[in-house]
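Presented below is the structure to which this report refers.
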Amino acid sequence: MPPSPRPTAALAMSRKAAEAILEPSVLDALAEVVALEPPPVLDDFTTDRARSVLTDVELLVTGWGCPPLTEQVLAHAPRLRAVVHTAGSVREHITDACWERGVAVSSAAAANALPVAEYTVAMILLTGKRVLESARDFRAARTEVDWARTPRSTGNYRRTVGILSASFTGRRVIELLRPHDLRLLLHDPYVTAEDAAGLGAEPVSLDELFARSDTVSVHTPLLPATRGLVGRALLGAMRPDAVLVNTARGAILDQDALTEAVTAGRIRAVLDVTDPDVLPPDHPLWSAENVLLTPHVAGSQGNEWRRLADAAVAEVRRWAAGGGFAHPVDHDRLAYLA
């Protein structure tokens with residue numbers, strides 16, 4: 001009996017994303033289980049080549065920069081049954097038309113959550129010890145530091161850390177923080193008190209999270225309901241010298257209110273994202289000494305891209321073998337997940 005033909009697949013993402021994610025060994029691994037349309041990747045579904053490729057495609061392996069899979073695009077892809085995304089959120093390219101057709105969707109959100117969580121935990125611990133300020137002062141003074149004069153507010157013993165949202169990343173942050181001597185608070189309206197306790201965190205209201213925490217870490221997705229969620233009132237409720245860490249989306253914060261709070265010296269901040277992601281050159285956050293700005297580096301970078309690729313290859317193998325995805329995207333949960 002002849003072997004079953006391999007499902008037909010194509011790659012859809014920006015060429016920059018393809019260069020980062022799709023090493024030759026990754027392409028070889030995909031080609032073992034699907035009939036893979038060779039590069040260049042599809043980064044525009046309106047071209048003649050794209051429409052020709054889409055005609056036979058059963059699976060799309062997507063990435064950053066994938067164009068939206070609209071109803072018009074799907075009309076040229078009558079056999080498309082599944083999408084495996086090599087990054088986190090699928091909001092930019094998976095449309096209602098995909099769900100209406102019943103296209104199965106998988107995402108590497110869980111894989112991408114790990115480096116974000118690692119960055120977050122590192123920043124929580126470093127800011128608790130005031131490492132960045134100490135290093136700056138030591139470089140300037142170039143002399144012995146009197147350790148006995150360290151303020152008792154410095155350190156991570158029984159420090160209270162508040163997690164805003166039990167997203168993939170929020171849950172990983174809680175998991176990685178558990179071995180440390182910290183008090184963990186969680187606010188997420190979709191998580192029950194029992195589930196929060198199971199994660200190892202105390203469930204609290206949004207106001208309480210900001211009022212009680214020494215550090216607040218933001219992990220909520222950017223939705224209409226969360227745009228500007230962290231505003232002047234919540235920032236004003238934070239303890240003096242508390243730290244706000246944001247690795248989610250800049251627009252979740254009221255940036256003007258945050259700028260006022262940090263430039264006044266009330267709180268500190270670690271911002272891997274802002275709104276826009278690159279602030280104007282004259283923005284006061286650039287020169288605020290109690291703010292650490294990083295260029296959206298918390299997510300997968302460098303050798304961490306291989307984790308995303310490996311996750312995608314594993315999902316393609318499962319699907320091609322007739323199994324379900326290990327990391328499916330649930331349409332019903334998209335209303336409150338990243």
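The values are calculated or read from the model by the stated rules, or taken from the named source; none is laboratory data. None of the values given here were measured: they were computed from a predicted structure. Heads up, the Cβs are rebuilt from the backbone with ideal geometry, glycines too, and the neighbour counts pull from every protein chain shown. What goes into the accessible areas is simple: the full protein's heavy atoms, side chains included, and nothing from ligands, DNA or RNA. Shrake-Rupley method; radii C 1.70, N 1.55, O 1.52, S 1.80 Å.
Give the residue, chosen from E144, E118, E194, that is under 30 Å from F325 (Cα atoms), in the same structural domain as I267 (by the TED database) and loosely packed, with under 14 Cβ neighbours inside 10 Å.
Only one candidate qualifies: E194.
Screening the range 83-114 for residues that are part of a loop (DSSP other than H, G, I, E, B) and within 27 Å of P5 (Cα to Cα) and picking the one that is most open to solvent (accessible area, probe 1.4 Å) gives G102. The lone criterion from (1) part of a helix (DSSP H, G or I); (2) touching a residue at least 60 places away in the same chain (Cβ under 8 Å) left unmet by A261 is number (2). If the condition is being in a helix (DSSP H, G or I) and open to solvent by 20 Å² or more (accessible area, probe 1.4 Å), then the range 16-60 contributes K16, E19, A20, P24, S25, L27, D28, A31, D48, R49, R51, S52.
In the range 43-88, the residue that is nearest to W99 (Cα to Cα) out of those that are free of Cβ contacts under 8 Å to residues at least 60 places away in the same chain and hydroxyl-bearing (S, T, Y) is T70.
Restricting attention to the range 150-181, report how many residues are surrounded by fewer than 20 Cβ atoms within 10 Å (Cβ to Cβ) and not in a loop (DSSP other than H, G, I, E, B). Of the residues in the range 150-181, 3 are surrounded by fewer than 20 Cβ atoms within 10 Å (Cβ to Cβ) and not in a loop (DSSP other than H, G, I, E, B).
One residue is enough: does the range 129-141 have a residue meeting the conditions open to solvent by less than 40 Å² (accessible area, probe 1.4 Å) and assigned by the TED database to the domain that holds L244?
Yes; the residues of the range 129-141 include at least one that is open to solvent by less than 40 Å² (accessible area, probe 1.4 Å) and assigned by the TED database to the domain that holds L244.
When residues of the range 68-82 are filtered for being in contact with a strand residue (DSSP E or B) (Cβ under 7 Å, 6 or more places away or on another chain) and outside any loop (DSSP other than H, G, I, E, B), how many remain? Talk me through it step by step, then tell me what you get.
First pass over the range 68-82, keeping only residues in contact with a strand residue (DSSP E or B) (Cβ under 7 Å, 6 or more places away or on another chain): 69, 80-82.
Applying the additional criterion that residues be outside any loop (DSSP other than H, G, I, E, B) yields 69, 82.
Total satisfying the criteria: 2.
Note on the range 230-247: residues that are free of Cβ contacts under 8 Å to residues at least 60 places away in the same chain and buried (at least 18 other Cβ atoms within 10 Å of the Cβ) total 6. Within the range 298-338, the residues that satisfy the criterion of being open to solvent by 50 Å² or more (accessible area, probe 1.4 Å) and not in a helix (DSSP H, G or I) are Q301, A321, G322, A326, H327, P328, D330, A335, Y336, A338.
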